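All remarks here apply to the structure that follows.
Computed from the coordinates by the stated procedures, all read-outs in this text should not be read as laboratory data. Since this is a predicted model, take the numbers as computed values, not measurements. Positions of Cβ are generated from backbone atoms using ideal geometry, with glycine treated the same way; all protein chains shown enter the neighbour counts.
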Amino acid sequence: MIVLRLFAQLAEKARTRSREMPPAPTPGALLERETSLSFVNPSSVRVSVNGRWAQWTTPLKDGDEVALLPPGNAL
Amino acid sequence: MSDSFLCHDPIDVDTLEGNIRQGEPGAVVSFQGVVRRDRTARGEVAGLTYEAFEPLAESEMADILEELRERWPGADALARHRLGDVRVGETGMLLVVTAPSSSEAFQACHYALDQMKTRIPLWKKDRYADGSGEWSTQHRETMLISDSVLTIPQS
């Protein structure tokens, strides 16, 4: 399984901060498959895999944590 | 006192500044981001709620401080940022930079702030008196300037 983490406005829209999802080859494929996340715009949302910056094309493996980081910055 | 960048409790500015000044630097630049009583179309902001992707925020901040020390030999810095609810008038963020001279200290402070704005996954939500809120979706550089408190000790 893949652990998906959401933050700020993405978490509020999805009504969850974390969920487990079946494996996908990349974060982009995960997003494309998950219709409940259709509001996520990959051109403005950054992605992290296992606590490091990643790309939508970064390969995933079972057990990885994918974080979707919305635009905006507190600083 | 924890060395973590992110904290839920109020930032003890005096203690942190005192700690980093023990090395007797020639210059200290101290920046505070303070929650201001902003007024938007939705009303007056009663406070902010900060949220971060903590593991990545901590590692990025550690990298930024390490880069600062490499670029300006003799410089040092510390940074703290609140999480959760912060009231108007409270310090949301502290960055203290020490260096042998004022020009180095200011340059290093600007470098750290610029890097933090693009690399730290940290969000804020305006909270209103009626309990509603709105996430900020833009970088707000003007807030950094208008809220800054910059000091240089006499040498």
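Between B:Ile120 and any residue 5 or more places off or on another chain, the built amide H atoms are never under 5 Å apart.
Distance between the modelled labels on B:Glu44 and A:Ala29, one decimal in nanometres: 5.4 nm (7 Å Cα→Cβ projection). Take each residue in B:43-55, count the other chain C-beta atoms within 10 Å of its C-beta, and the mean is 2. The overall shape of the protein assembly as shown is oblate: from the C-alpha gyration tensor, with semi-axes ordered a ≥ b ≥ c, the ratio a/c is 1.5 or greater and a/b is no larger than b/c. Peptides B:101-114, A:30-43 ranked from most to least packed by the mean count of surrounding Cβ atoms within 10 Å: B:101-114, A:30-43.
Charge dipole (Cα centre; +1 on Lys/Arg Cβ, -1 on Asp/Glu Cβ; no other charges) of the range B:1-84 amounts to roughly 540 debye.
Excluding the site residues themselves, the longest part of chain B lacking any trypsin sites (Lys or Arg not before Pro) in a DSSP loop with at most 14 other Cβ atoms within 10 Å is B:43-155. When the charge dipole of chain A is built from unit charges on Cβ atoms (+1 for Lys and Arg, -1 for Asp and Glu) and taken about the Cα centre, the candidate among A:Gln55, A:Met1, A:Ser44 whose Cα reaches farthest toward its positive end is A:Ser44. The H on the amide N of B:Gly92, modeled in the peptide plane, is under 5 Å from the matching H of B:Gly33, B:Val34, B:Val35, each at least 5 residues off or on a different chain.
Here the range B:46-108 is treated with +1 on each Lys and Arg Cβ and -1 on each Asp and Glu Cβ, and its dipole about the Cα centre works out to around 280 debye. Compute the Cα gyration tensor for the range A:1-66, then decide on rounded, prolate or oblate, letting a ≥ b ≥ c be the square roots of its eigenvalues: rounded whenever a/c is under 1.5, prolate when a/b is larger than b/c in the other cases, and oblate in all that remain. Rounded, because the longest to shortest axis ratio a/c is under 1.5. Distance between the modelled labels on A:Arg17 and B:Asp9, one decimal in nanometres: 2.1 nm (7 Å Cα→Cβ projection). Long hydrophobic helices in chain B: the complete DSSP H runs spanning 24 Å or more by Cα along their own axis with mean Kyte-Doolittle hydropathy of at least -1.0 are B:54-71, B:102-119.
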